[in-house]
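First comes the structure, then the notes that go with it.
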Amino acid sequence: MKIKRSERLVDMTRYLLERPHRLISLTYFAKRYESAKSSISEDLSIIKKTFEDRGTGIVETLPGAAGGVKYIPTITKENAREIIEEMCEIMNSKDRLLPGGYVYLSDMLGNPEILQKIGRVIAAQYVDKKVDAVMTVATKGVPIAQAVATYLNVPFVIVRRDSKITEGSTVSINYVSGSSDRVEKMELSKRSLPRGSKVLIVDDFLKGGGTINGMRSMISEFESETVGVTVFAEAGYNSKREVFDYTSLIRVNNIDLKDHSISVGLGNYFDSSTE
């Protein structure tokens, strides 16, 4: 049954938002709504303008028989700053400081609304790069990787420190932990990452950078390429840093164990060219 244009616009918008980076033919929409392609094109023009005006993303139309329409999530600098400043405000609490100078993040990384925002902000950095997979290390980086992978519409792979029998055969490497100066091991299933993949690394917290370097080495073992590294938070107070080519949303500038206080500010996200 042919539906009203208002209903068609709502359903088409929902369909695009749920399928980022996926090319959808105009023929599909025409059949779905029993409408002419010219009407579908007019609807897409309305959606495209609204998305651009609201900073929701880009609606890209590709001509030709094999063409169609694709939704690409983006975010403006203003919206990204608002989101990250909100997270900094949540982070600036004495209650987040744990014994040993660790920072409690589990409640934030377990909040679907916050994760959705984190995923969008990070994914927006890589709109112009061909990302085949998002990689993280178990366990706290997993929800971030899943959120980012959803916006990029690519798989996410989990590097583990101990192999599971359900993973099948694995590739194993040793790396030096930047926080403990100990030699650690990480493993990844051979089936997880195709050779020649372009991989985005994400993690929850960067202190020394040993884990990041370990994942870089793992990617090399798969004859693949690291296209970027982004972490939710970094330890700005740590002078023993082994990795420098990365992006952070939040920077923990100082931790005072005596006063049980923490100082948090913006990371280096805005040093890059986010539109």
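The values are calculated or read from the model by the stated rules, or taken from the named source; none is laboratory data. Quantities reported herein were computed from a predicted structural model and do not represent experimental measurements. Positions of Cβ are generated from backbone atoms using ideal geometry, with glycine treated the same way; all protein chains shown enter the neighbour counts. Calculation scope for accessible area: heavy atoms of the full protein, side chains included, ligands and nucleic acids excluded. Shrake-Rupley method; radii C 1.70, N 1.55, O 1.52, S 1.80 Å.
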>> Can you tell me which condition D204 does not meet? The list is (1) of a type in the set (D, E, K, R); (2) open to solvent by 50 Å² or more (accessible area, probe 1.4 Å); (3) under 18 Å from the mean Cα position of the chain (by Cα), and all the others hold.
In response: (2)
> So I3 fits all but one of (1) over 29 Å from the mean Cα position of the chain (by Cα); (2) under 12 Å from V69 (Cβ atoms); (3) open to solvent by 50 Å² or more (accessible area, probe 1.4 Å); what number is the exception?
Replying inline: (2)
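Residues to consider are Y151, Y126; find the one that is open to solvent by 30 Å² or more (accessible area, probe 1.4 Å) and either under 24 Å from G236 (Cβ atoms) or touching a helix residue (DSSP H, G or I) at 6+ places or on another chain (Cβ under 7 Å) (or both).
Just one listed residue meets the conditions, Y151.
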> Only one residue in E234, E223 is open to solvent by 20 Å² or more (accessible area, probe 1.4 Å) and acidic (D, E), so which one is that?
Replying inline: E223
>> Just to check your reading of the model, which residue among I75, I83 is within 30 Å of I262 (Cβ to Cβ), in a loop (DSSP other than H, G, I, E, B) and either of a type in the set (F, W, Y) or under 23 Å from the mean Cα position of the chain (by Cα) (or both)?
In response: I75
> Filter region 26-41 for residues that are within 16 Å of D11 (Cβ to Cβ) and not in a helix (DSSP H, G or I); which is most open to solvent (accessible area, probe 1.4 Å)?
Replying inline: E34
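Conditions (1) more than 25 Å from L23 (Cβ to Cβ); (2) small (G, A, S), marked per residue:
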residue	(1), (2)
N92	yes, no
P99	yes, no
A133	no, yes
T136	yes, no
T166	yes, no
L188	yes, no
R195	no, no
> E18 passes all but one of (1) open to solvent by 20 Å² or more (accessible area, probe 1.4 Å); (2) of a type outside the set (A, V, I, L, M, F, W, C); (3) farther than 17 Å from R120 by Cα; which number fails?
Replying inline: (3)
>> Restricting to region 188-222, name every residue that is of a type outside the set (K, R) and assigned to a strand (DSSP E or B).
In response: L188, S189, V199, L200, I201, V202, D203, D204, F205, L206
> So is P99 touching a Phe, Trp or Tyr at 6+ places or on another chain (Cβ under 6 Å) and either surrounded by 13 or more Cβ atoms within 10 Å (Cβ to Cβ) or free of Cβ contacts under 8 Å to residues at least 60 places away in the same chain (or both) or not?
Replying inline: no
> Can you name every residue in region 117-145 that is over 9 Å from the mean Cα position of the chain (by Cα) and not in a loop (DSSP other than H, G, I, E, B)?
Replying inline: K117, A133, M135, T136, V137, V142, P143
> Quick one: would you say L44 is in contact with a helix residue (DSSP H, G or I) (Cβ under 6 Å, 6 or more places away or on another chain), surrounded by 13 or more Cβ atoms within 10 Å (Cβ to Cβ) and not small (G, A, S)?
Replying inline: no
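Whether any residue in region 63-80 is touching a Gly at 6+ places or on another chain (Cβ under 9 Å) and either open to solvent by 60 Å² or more (accessible area, probe 1.4 Å) or among the basic types (K, R) (or both) is what I want to check.
Scanning region 63-80, I find at least one residue that is touching a Gly at 6+ places or on another chain (Cβ under 9 Å) and either open to solvent by 60 Å² or more (accessible area, probe 1.4 Å) or among the basic types (K, R) (or both), so the answer is yes.
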> Given the conditions (1) open to solvent by 10 Å² or more (accessible area, probe 1.4 Å); (2) on the phi > 0 side of the Ramachandran plot, which single one is not true for E52?
Replying inline: (2)
>> I'd like to know if region 249-264 contains one or more residues that are under 27 Å from K130 (Cβ atoms), touching a residue at least 12 places away in the same chain (Cβ under 8 Å) and open to solvent by 40 Å² or more (accessible area, probe 1.4 Å).
In response: no
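Check whether at least one residue in region 111-120 is crowded, with 16+ Cβ neighbours inside 10 Å, out of contact with any Pro (no Cβ under 7 Å at 6 or more places or on another chain) and of a type in the set (D, E), and report yes or no.
no
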